[in-house]
Amino acid sequence: MTKLLPILGLFISFNVFAELRATGDLAVVIEREHSSALIFNTSQHKQLAKIEQLGDLSHASVVFSRDQRYAYVFGRDGGLSKIDMLQDKLVKRIVQAGNSIGGAISQDGKLIAVSNYTPGGVKVFSSDTLELVADIPADAGDGKLSKVIGLVDIPGQRFAFSLFDADQIWILDLKNPKKPDITKFKDIGKQPYDALTSSDGRYYIAGLFGDSGLAMLDLWHPELGIKRILPDYVKDDEKLPVYKMPHLEGWADTGDYLLAPAIGKHEVLVIDKRNWQLVKAIPVAGQPVFVMGRPDGRQAWVNFAFPDNNQLQIIDIKDLSLQKTLTPGKAVLHMEFAPRGEEVWVAIRDDNQVVVYDTDTLQEITRMPAQTPNGIFFSSRAHRIGL
Amino acid sequence: MLFTSCAFANDPPSDRQEELRNLLKHDCGACHGLTLKGGLGPALLPENLQGKPDDFLVSTVLDGRKGTAMPSWRPFMNADEALWLIGVLRNPK
């Protein structure tokens, strides 16, 4: 009995400090005006913590370490913050540029890359220490630095990104981080505004603001160069005004189809990945911002730019038609599916809420408070290419 | 003093001012940044607007700028409201 007592004591004191926590079902919700991030348990719909003083999060995105313990938050002001989701604390925060748009984590999880507007380029950091590993200015050859957008991780310890002001796509190979190798594709089309990689990491596709269609690179055949998809889709003179640039990262990659927001047209484009032809243009409520596929590929959920940003539309992939229009609240900014898709979480900025829907019944499950939420990121992203 | 009062004669009513400020923060902010330090669009801080006349800025807001991502905001505000917003940008509180 006397031998047991010290062990018992150890258990009790451990419990006093913290409950055991797993991090595979957590979410980070960004509060854009409060410079803070909320940590949620997504299985219990429960807020666990609030991490503050993360700088300007008016545009923000998050990636996760492969062990799902750490969240890396990319802020508008060039801030890169590393949050420990086991201990609810900010581990380290650096300000690595003047103006940033997003970031990505490498295939092996050891590198964090950030895409910057000012100074235009990509900086790469150690995910462990946030020390600078590589600095890649986006100098297109004329001495001017371009804004960098559409930065994603791709297989082979590489990153792909696009140069908004220089109409280029670059592939950055960091197998040897001390000797970064860059492959440049030029004249890809005017003003690439965002890009994505297909869920298998094979295709890198950039949306073009200043040109018709999309620029596509087959990473299995880089020697073929850039192919323009839907080159004749929207002519310049018939473009509707765009009050918010679409985000391509969440493109619905469902079976043979890729669903993408049209730009300057109130349509969702269905593209056949086997021949890159347009299958159908589905009319929707406004300029689509996110077109996100449910993980099983059966639905795509669409939100919209101002002034139609109070709506959400759901497309049934089975017959490529609109299934339902929801009006969850004022300023629907972002959505995120549960890893297997039974729920979707929706950020409603002006109502200060995160709304959870059952994706089968399309009924609301719950509403949770969050101040001006603009992004929801589930830790399950840790194990997906290109997010 | 006379000039000052004239400049403010066409100010929108206070509830409309609130709406316009919200539009500026969130919708202009989508490209120009919540703190207006710039993003895909240029910075709109007082020093960035210096030397640019009001009528040039009003027409940029109302009609957009061809060849750039700046759209026309005419469906959502009139010239007086655009001018008032530019005053807010020039003299932020």
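The values are calculated or read from the model by the stated rules, or taken from the named source; none is laboratory data. Remember, it's a predicted structure, so these values are computed and weren't measured experimentally. Don't worry about glycine lacking a Cβ; one is built from the backbone with ideal geometry, like all the others, and counts go over all protein chains shown. Side chains included, ligands, DNA and RNA excluded: accessible areas come from the protein's heavy atoms. Shrake-Rupley method; radii C 1.70, N 1.55, O 1.52, S 1.80 Å.
Quick notes
- Test result for residue A:192, in contact with a Ser or Thr (Cβ under 8 Å, 6 or more places away or on another chain), open to solvent by 60 Å² or more (accessible area, probe 1.4 Å), under 28 Å from residue A:279 (Cβ atoms) and of a type outside the set (Asp, Glu): no
- Of all the numbered requirements in (1) open to solvent by 10 Å² or more (accessible area, probe 1.4 Å); (2) in contact with a Leu (Cβ under 6 Å, 6 or more places away or on another chain); (3) within 14 Å of chain B (Cβ to nearest Cβ), residue A:264 misses one, and that requirement is (1).
- Identification of helices (runs of 4 or more DSSP H) wholly contained in chain B with 3 or more residues that are buried (at least 16 other Cβ atoms within 10 Å of the Cβ) and more than 9 Å from chain A (Cβ to nearest Cβ) yields B:54-63, B:79-90.
- Test: residue in the range A:349-356 that is within 24 Å of residue A:24 (Cα to Cα), open to solvent by 10 Å² or more (accessible area, probe 1.4 Å) and free of Cβ contacts under 8 Å to residues at least 60 places away in the same chain: yes
- Filter result for residue A:287 (surrounded by fewer than 22 Cβ atoms within 10 Å (Cβ to Cβ), at pLDDT 95 or above and not charged (D, E, K, R)): no
Yes/no per residue for (1) at pLDDT below 90; (2) loosely packed, with under 15 Cβ neighbours inside 10 Å; (3) in a loop (DSSP other than H, G, I, E, B); (4) more than 12 Å from chain B (Cβ to nearest Cβ):
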| residue | (1), (2), (3), (4) |
| --- | --- |
| A:196 | no, no, no, yes |
| A:199 | yes, no, yes, yes |
| A:204 | no, no, no, yes |
| A:212 | yes, no, yes, yes |
| A:217 | no, no, no, yes |
| A:223 | no, yes, no, yes |
| A:228 | no, no, no, yes |
| A:234 | yes, no, yes, yes |
| A:244 | no, no, yes, no |
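- For residue A:314, the test of being at negative phi, touching a strand residue (DSSP E or B) at 6+ places or on another chain (Cβ under 6 Å) and open to solvent by 70 Å² or more (accessible area, probe 1.4 Å) is failed.
- Reported count of residues in the range A:139-194, each being in a loop (DSSP other than H, G, I, E, B) and in contact with a Lys or Arg (Cβ under 6 Å, 6 or more places away or on another chain), is 4.
- Residue within the range A:162-185 that is farther than 25 Å from residue A:119 by Cα and either within 23 Å of the chain's Cα centre (by Cα) or open to solvent by less than 60 Å² (accessible area, probe 1.4 Å) (or both) present: no
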